[in-house]
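Each remark here refers to the structure printed beneath this line.
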Amino acid sequence: MKPEELSAERLREQIRSGDWQTPTSGAAQGYVQANLVMLPKKHAFDFLLFCVRNPKPCPILDVLEPGSFEPSIAPGADLRTDLPRYRIYRDGSLAEEVSDVSTLFSEDTVSFLLGCSFSFENAMLAAGLPIRNIEEGRNVSMYITSRPCTPAGPFSAPLVVTMRPMTPAQAVRAVQITTRFHLTHGAPIHIGDPQQIGIADLKKPDFGDPVTVRPGEIPVFWACGVTSALAATSPALPLVITHCPGHMFVSDLRDEDMTIF
């Protein structure tokens, strides 16, 4: 079975068993993917407030009770094992990347699942729009911009964006399609000159991989959930767990559940 034909449940099974360890862009097409942040209960409200104040990069899909690891958007799943790769931050610094966080999870841990732009890629593909990172078998290009988010409590971060190159006509169509996906970042936040949002070189993404920008194409930028990881680690908390960029949680929600008309 091709990766795009997998169900969300089957993909999670492959991830849990260690058979799937790569980014999830293009996998289990039609199912909503999510960013993950796990942090101590003491700081959960302030982080929730950060997400509410910055809904474009941090759209909330699910917030679990302290100590719970089974999300309502994927009954039977386990957030401790069902992502291909996690990042462990200690005192604000990246300590390691792992494939299982069961030993680090506690009754004090609160988990947040936030919308991901991978979820509208299926609609873009169906409309004949290019998703260059899927075409080239790479992780999506992600960049830290010069645009600040609205802080909350100890949490602050610059806006992070994903980039997908396309022609101007394709970019117009992409705006029309993705505007409907309000819980998975919605319409682009910028089209064209990357320097206007503080990106010096498209060939050097801060996360993910560079992709080819062909003659006649322009970069199109969407808000990215990696913003939430930068915010969660900004106060230098003793322990924060996030997804590794591009290695998302795949829920049982369908993409069409995230649209507005």
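Using Cβ contacts closer than 10 Å as the measure, can you line up V220, V175, V63 from fewest to most?
V175, V63, V220
Given a Förster radius of 35 Å and the C-beta distance between D108 and L202 as r, what FRET efficiency does 1/(1 + (r/R0)^6) yield to the nearest 0.05?
0.30
May I ask you to list the residues of the range 50-80 whose amide nitrogen lies under 20 Å from a point 7 Å from Cα along the Cα→beta-carbon direction of L239?
Zone members listed by number: 64-71, 78-80.
Treating the Cα atoms of the chain as identical point scatterers in vacuum, please give the log10 of the normalised Debye intensity I(q)/I(0) at q = 0.17 Å⁻¹, two decimals.
-1.37
Which distance in Å, rounded to a whole number, links the C-alpha centroids of the range 50-120 and the range 1-44?
Answer, in whole Å: 11.
Take L94, L79 and order them by how many other Cβ atoms sit within 10 Å, fewest up front.
Fewest to most other Cβ atoms nearby, the residues stand as L94, L79.
Using 0.36 nm times the number of residues separating K41 and R90, minus their current alpha carbon distance, what extension gain do you get?
Full extension from K41 to R90 adds 16.0 nm.
Would you kindly enumerate the cysteines in the chain that have no other Cys beta-carbon under 4.7 Å from their beta-carbon?
Isolated Cys, the chain: C116, C149, C224, C244.
What residues have an amide H closer than 5 Å to that of V140, excluding those fewer than 5 places away on the same chain, when H is modeled at 1.01 Å from N in the peptide plane?
Those qualifying (amide H under 5 Å, at least 5 residues apart or on another chain) are D209.
Could you give the length gained by full extension between A169 and E135, i.e. 0.36 nm per residue of separation minus their alpha carbon distance, to one decimal place? Each step should come with its number before you reach the end.
Values: separation 34, 0.36 × 34 = 12.24 nm, distance 1.94 nm.
Here the answer is 10.3 nm.
Note down, for the range 129-226, the three equivalent ellipsoid semi-axes (square root of 5 times each alpha carbon gyration tensor eigenvalue), biggest first, whole angstrom. Can you show the working numbers first?
Working: eigenvalues 96, 51, 31 Å².
Working from the Cα gyration tensor, I get semi-axes of 22, 16, 13 Å.
Here, each number is a calculation from the coordinates, and none is a lab measurement. Note that the structure is a prediction, hence the values are computed from the model and not measured. Neighbour counts run over all protein chains shown; Cβ positions are idealised from the backbone, glycine included.
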